[in-house]
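Have a look at the structure below before the remarks.
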Amino acid sequence: MDVTIGESTVSGTAQAPPSKSYTHRAILAAGHSEGATVRNPLVSADTRATMRAVEAYGGIVDRSDESALAVTGFDGRPETPDDVIDCANSGTTTRLVTATAALGEGLTVLTGDDSLRSRPQGPLLDAIEQLGGRAESTRANGQAPLVVGGDVGGGHVAIPGDVSSQYVTALLMAGAVTDAGIDVELTTGLKSSPYVDITLEVLDAFGVDAEQTDDGYSVAGGQTYDAGDAYDVPGDFSSMSYLLAAGALATEDELTVTSAFPSAQGDAAIVETLERMGAGLDWDREAGEITVRRSDLSGVEVGVEDTPDLLPTIATLGAAADGVTRITDAEHVRYKETDRVSAMAEELTKLGAEVEEREDELVVYGEESELRGATVDGRADHRIVMSLAVAGLVADGETTVTGAEHVDVSFPDFFDVLEGLGVRLR
């Protein structure tokens, strides 16, 4: 599907979708329990992949209530799936449920689409083997399809932290139900550490104790997942970033984004980034509302070591700002659904931006950029699609974004929300 966006202004109120990161973890945590209700979940292509995995391991996910998921869990003992688990395009699903597979007595086969089968899983496979399990890439390249099992009982692992924090999350979530627990030693600095903070927050809500240690993280074994009455998913700051950027660039009065309650999400850093760029912005944390006004923005330097999902949004803001926006610590952003550093450099260039791509940086020269409508490739990546759509709000003429259906991964009604705010699109 292609979506064409005309230069537009926005105004009104929009609700941020529920957090994808929290929803993934809550669904799997509920699967590890006897059963739990997950309220206000994000139901999207990615989170449906995690639901399928929980059901493949013997759980049941009842979606009859539109505002909640009623999960009957497998109580920490996953069955051997009857078939291959298709993780589609969800890297989070793949990593989290790969560690779950290591708890099973039989073997689980996990795969996904072309993009997912190019993403690195080697450190997690190595960690499972360190625990005495079986974990293989069928092509011996550290990428899916994966074959995993071994009924691991816990232990100590040493893994790098500079590829993906999801390896740590996967091991902590599985480790809680092993006999001995799992101690994770990080051999390098940890990228995207706020995502592990999210994991610790969700584990705590399900009654599981895990902690950061001097050299990594640790979770004790023999624990039971129990969320009590229910678990409530907070709003998603990654998705919120596109709405806030739209307000800062194109509101005619002001734009209010709701469900913006504080949490462990690192992507809440978009608020500080917008303020540093000069956006008029107020955050009522108690009410969970952020109000943003159109402002003349100035370029800044922003490191995305811990917030890789913000790179496309910040690059778009930089293309419409004065001065230079330098996005640093970005090499790991190349290993997402697509190489987001190259993708944003190439697609913003089509729109008239002056962009310089480096191995670990993306530099956007806003003062030399004059955005004009063009046809741009969404790269089958939800974050690229939404960021380019925001750029289209301030580009002269019309901007067509291809592959727009991929917003279903994290923000299924994104274009409906934009249209409700006054954006001209078809």
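The values are calculated or read from the model by the stated rules, or taken from the named source; none is laboratory data. Values in this document were obtained by computation on a predicted structure and should not be read as measured data. Every residue, glycine among them, receives a Cβ derived from its backbone with ideal geometry; neighbour counts consider all protein chains shown.
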Query raised in the report: What are the residue pairs meeting all of these: first residue in segment 371-384, first residue aliphatic (A, V, I, L, M), second residue modelled with pLDDT of 95 or more and in a loop (DSSP other than H, G, I, E, B), Cβ atoms under 7 Å, and 6 or more apart or on different chains?
Result: Leu371/Leu351; Leu371/Gly352; Leu371/Ala353; Leu371/Ala395; Ala374/Leu351; Val376/Leu351; Ala380/Gly403; Ile384/Gly378
Requested in this report: Out of the residues in segment 301-342 that are surrounded by fewer than 24 Cβ atoms within 10 Å (Cβ to Cβ) and of a type in the set (S, T, N, Q), state the one that is farthest from Gly366 (Cα to Cα).
Outcome: Thr338
Query raised in the report: Name the residues in segment 193-206 that are buried (at least 22 other Cβ atoms within 10 Å of the Cβ) and of a type in the set (Gly, Ala, Ser), would you?
Result: none
Query raised in the report: (1) β-branched (Val, Ile, Thr); (2) closer than 25 Å to Thr72 by Cα; (3) part of a loop (DSSP other than H, G, I, E, B): which one isn't true of Thr188, the others all being true?
Result: (2)
Query raised in the report: Which residues, taken from segment 123-180, are in a loop (DSSP other than H, G, I, E, B) and within 21 Å of the chain's Cα centre (by Cα)?
Result: Gln143, Ala144, Pro160, Gly161, Asp162, Val163, Ser164, Ser165
**Report entry** Test: Ala30 is surrounded by 19 or more Cβ atoms within 10 Å (Cβ to Cβ), out of contact with any Leu (no Cβ under 7 Å at 6 or more places or on another chain), in a strand (DSSP E or B) and modelled with pLDDT of 95 or more
**Finding:** no
Query raised in the report: Which one of the conditions (1) touching a His at 6+ places or on another chain (Cβ under 9 Å); (2) closer than 19 Å to Ala319 by Cα does Val409 fail to meet, given that it meets all the rest?
Result: (2)
Query raised in the report: Pairs under 8 Å by beta carbon, first residue under 30 Å from Ala26 (Cα atoms) and touching a residue at least 12 places away in the same chain (Cβ under 8 Å) in segment 232-257, partner among the basic types (Lys, Arg) and crowded, with 24+ Cβ neighbours inside 10 Å, six or more apart or different chains?
Result: Asp236/Lys20; Ser238/Lys20; Ser238/Arg383; Ser239/Lys20
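For every residue, the table says whether it meets (1) part of a helix (DSSP H, G or I); (2) buried (at least 24 other Cβ atoms within 10 Å of the Cβ); (3) in contact with an Asp or Glu (Cβ under 8 Å, 6 or more places away or on another chain).
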site	(1), (2), (3)
Glu66	no, no, no
Asp75	no, no, yes
Asp83	no, no, no
Ala88	no, no, yes
Thr93	yes, yes, yes
Thr100	yes, yes, no
Query raised in the report: Could you say which residue among Gly181, Gly155, Gly221 is at positive phi and either of a type in the set (A, V, I, L, M, F, W, C) or surrounded by fewer than 21 Cβ atoms within 10 Å (Cβ to Cβ) (or both)?
Result: Gly155
**Report entry** Set Arg285, Arg293: member being in contact with a Phe, Trp or Tyr (Cβ under 9 Å, 6 or more places away or on another chain), at pLDDT 95 or above and among the basic types (Lys, Arg)
**Finding:** Arg285
Query raised in the report: Quick one: would you say Ala319 is under 15 Å from the mean Cα position of the chain (by Cα), at pLDDT 95 or above and either assigned to a helix (DSSP H, G or I) or of a type outside the set (A, V, I, L, M) (or both)?
Result: no
Query raised in the report: Of all the residues that make up segment 358-403, how many are surrounded by fewer than 22 Cβ atoms within 10 Å (Cβ to Cβ), more than 22 Å from Gly323 (Cβ to Cβ) and of a type in the set (Ser, Thr, Tyr)?
Result: 3
Query raised in the report: Taking the condition over 30 Å from Ala287 (Cβ atoms) and at pLDDT below 95, does Ala45 pass?
Result: yes
Query raised in the report: Within segment 390-416, can you find the residues that are farther than 18 Å from Asp309 by Cβ and assigned to a helix (DSSP H, G or I)?
Result: Gly392, Leu393, Val394, Ala404, Glu405, Phe415, Asp416
Query raised in the report: So Thr325 clears everything in (1) part of a strand (DSSP E or B); (2) on the phi > 0 side of the Ramachandran plot except one condition, right? Which one?
Result: (2)
**Report entry** Members of segment 72-99 that are more than 21 Å from Thr178 (Cα to Cα) and either without any contact (Cβ under 8 Å) to a residue 24 or more places away in the chain or more than 18 Å from the chain's Cα centre (by Cα) (or both)
**Finding:** Asp82, Asp83, Val84, Ile85, Asp86
Query raised in the report: Can you name the number of the only condition in (1) surrounded by fewer than 24 Cβ atoms within 10 Å (Cβ to Cβ); (2) at pLDDT 95 or above; (3) assigned by TED's automatic domain parsing to the domain that holds Gly323 that Asp209 fails?
Result: (3)
Query raised in the report: Just one of Leu425, Leu393 is under 30 Å from Pro41 (Cβ atoms), in contact with a Ser or Thr (Cβ under 6 Å, 6 or more places away or on another chain) and touching a residue at least 40 places away in the same chain (Cβ under 8 Å); which is it?
Result: Leu393
Query raised in the report: If you check Asp62, Asp46, which single one turns out to be within 24 Å of Arg117 (Cβ to Cβ) and either in the same structural domain as Val147 (by TED's automatic domain parsing) or of a type outside the set (S, T, N, Q) (or both)?
Result: Asp46
Report summary line: Over segment 113-129, the set of residues surrounded by fewer than 18 Cβ atoms within 10 Å (Cβ to Cβ) and free of Cβ contacts under 8 Å to residues at least 60 places away in the same chain is Asp113, Asp114, Ser118, Gly122, Asp126, Glu129
